[in-house]
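Below is one structure, written out as structure tokens, with a few remarks after it.
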């Protein structure tokens, strides 16, 4: 049987690229079909402002005329600026077997070399702000919102292509139905007695201003982190528009010290619980189900995708206290108002000692590990 890999060259090819994931993962009970409209938007240069500073070449693998695999190869000018010249990326890998995976990865590497890249990092679908890393631990349960899921076989296939781990990303599972440990409760109570500290909810009526406040903290807090790529104003507006329906004021907190915003914690309902049975389709009836579920949400799981403290306060007792206070306030509201039982924190870089210490102090445990791989080209 003849195996070939070719670039996506038409609308029909792009549709085949998107649809392949639904066919390959159909038998995995823990794979959550993403909304097709979201995947199309991700890959559309006219919709996704990521393409203003980056380019992606999509590839399809065929065997005797049948689509059997896919991959993307991307070059991002902001990645070149912040992660090093010559750093290309690939992602969105789906393949039916090891031979197809090897051919697809080789095609992505050839594409990156042709653009002058000397190192490949992956997988990213399409950036570190979308779905970073290959799932290597935690295949036995579904991912939360904005996190990826892949076959356990992919780990060996990627490593067989000569890749080694560059960085692991952890997510932490927390039983939020239980009170915080006694020590954390005392730390929170102490913060509540401190007149300098204010932990407030965001005001959705001032969405743009609140988003700007959070972004300023994020850019400062994360600027030294491995893999940090600043979001452009267009990406911020695009992401804000998509996330606004999921912004529940009690679940996003800003910590102020002496009236200055210095930390934040963003929590999102696990939308995957709402869309899991829609097969990625909003029509003809999926949209009505989703709107109803968002109107009267009762979600078992919440995810904390972003949390940050300004750099000058990091590694201080006050920073930890603010983090514990925000976690506890959101935990109280999530359990009381939405029946939440479980929280997921992350991802967290493997060498982010401060955040790992906070996660461990509240008695959460690592439930999923995503690995970003690298290889010289």
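The values are calculated or read from the model by the stated rules, or taken from the named source; none is laboratory data. Here the structure is a predicted model, which is why all the values come from computation and not from measurement. No Cβ is skipped: glycine too gets one built from the backbone with ideal geometry, and neighbour counts run over all protein chains shown.
For the range 227-250, taking the residues that are closer than 12 Å to residue 306 by Cβ and in a helix (DSSP H, G or I), the one that is modelled with the lowest pLDDT is identified as 243.
Looking at the range 228-244, can you tell me whether even one residue there is closer than 23 Å to residue 121 by Cα, surrounded by 15 or more Cβ atoms within 10 Å (Cβ to Cβ), in the same structural domain as residue 347 (by TED's automatic domain parsing) and in contact with a strand residue (DSSP E or B) (Cβ under 9 Å, 6 or more places away or on another chain)? Yes - at least one qualifying residue is present in the range 228-244.
Say whether the condition of being assigned to a loop (DSSP other than H, G, I, E, B), surrounded by 21 or more Cβ atoms within 10 Å (Cβ to Cβ) and in contact with a strand residue (DSSP E or B) (Cβ under 7 Å, 6 or more places away or on another chain) is met by at least one residue in the range 174-183. Before the answer, list the steps.
Filtering the range 174-183 down to residues assigned to a loop (DSSP other than H, G, I, E, B) leaves 176-181.
Next cut, surrounded by 21 or more Cβ atoms within 10 Å (Cβ to Cβ) only: 176.
Now narrow it down to the ones that are in contact with a strand residue (DSSP E or B) (Cβ under 7 Å, 6 or more places away or on another chain): 176.
Looking for residues that are assigned to a loop (DSSP other than H, G, I, E, B), surrounded by 21 or more Cβ atoms within 10 Å (Cβ to Cβ) and in contact with a strand residue (DSSP E or B) (Cβ under 7 Å, 6 or more places away or on another chain), one finds at least one in the range 174-183, hence yes.
For the range 199-217, filtered to residues that are in a strand (DSSP E or B) and either on the phi > 0 side of the Ramachandran plot or in contact with a helix residue (DSSP H, G or I) (Cβ under 8 Å, 6 or more places away or on another chain) (or both), the residue that is surrounded by the fewest Cβ atoms within 10 Å (Cβ to Cβ) is 201.
Is it the case, given these coordinates, that residue 300 is modelled with pLDDT of 95 or more and more than 30 Å from residue 113 (Cα to Cα)? Walk me through how you get there before you give the answer.
Numbers: modelled with pLDDT of 95 or more: no; more than 30 Å from residue 113 (Cα to Cα): yes.
No, not satisfied.
Scanning the range 83-105 for residues that are in a helix (DSSP H, G or I), surrounded by fewer than 22 Cβ atoms within 10 Å (Cβ to Cβ) and touching a strand residue (DSSP E or B) at 6+ places or on another chain (Cβ under 8 Å) turns up 83, 99, 103. Can you find a residue that is assigned by TED's automatic domain parsing to the domain that holds residue 136, at pLDDT 95 or above, assigned to a helix (DSSP H, G or I) and under 13 Å from residue 3 (Cα atoms) anywhere in the range 107-122? Checked against the condition, which is being assigned by TED's automatic domain parsing to the domain that holds residue 136, at pLDDT 95 or above, assigned to a helix (DSSP H, G or I) and under 13 Å from residue 3 (Cα atoms), the range 107-122 yields at least one hit. Residues being outside any loop (DSSP other than H, G, I, E, B) and either closer than 20 Å to residue 13 by Cβ or modelled with pLDDT under 95 (or both): count how many of those fall in the range 25-49. Count: 8. For the range 137-154, state whether one or more residues are surrounded by 18 or more Cβ atoms within 10 Å (Cβ to Cβ), outside the structural domain of residue 238 (by TED's automatic domain parsing), farther than 26 Å from residue 343 by Cα and modelled with pLDDT of 95 or more. Looking for residues that are surrounded by 18 or more Cβ atoms within 10 Å (Cβ to Cβ), outside the structural domain of residue 238 (by TED's automatic domain parsing), farther than 26 Å from residue 343 by Cα and modelled with pLDDT of 95 or more, one finds at least one in the range 137-154, hence yes. Residue-level analysis places residue 220 outside the set of residues that are assigned to a helix (DSSP H, G or I) and surrounded by fewer than 16 Cβ atoms within 10 Å (Cβ to Cβ). With respect to (1) farther than 20 Å from residue 34 by Cβ; (2) free of Cβ contacts under 8 Å to residues at least 60 places away in the same chain, the lone exception for residue 131 is condition (1).
Set side by side, the residues 270, 224, 220 differ, and just one is closer than 24 Å to residue 38 by Cα and either in contact with a helix residue (DSSP H, G or I) (Cβ under 8 Å, 6 or more places away or on another chain) or at pLDDT 75 or above (or both), which is 270.
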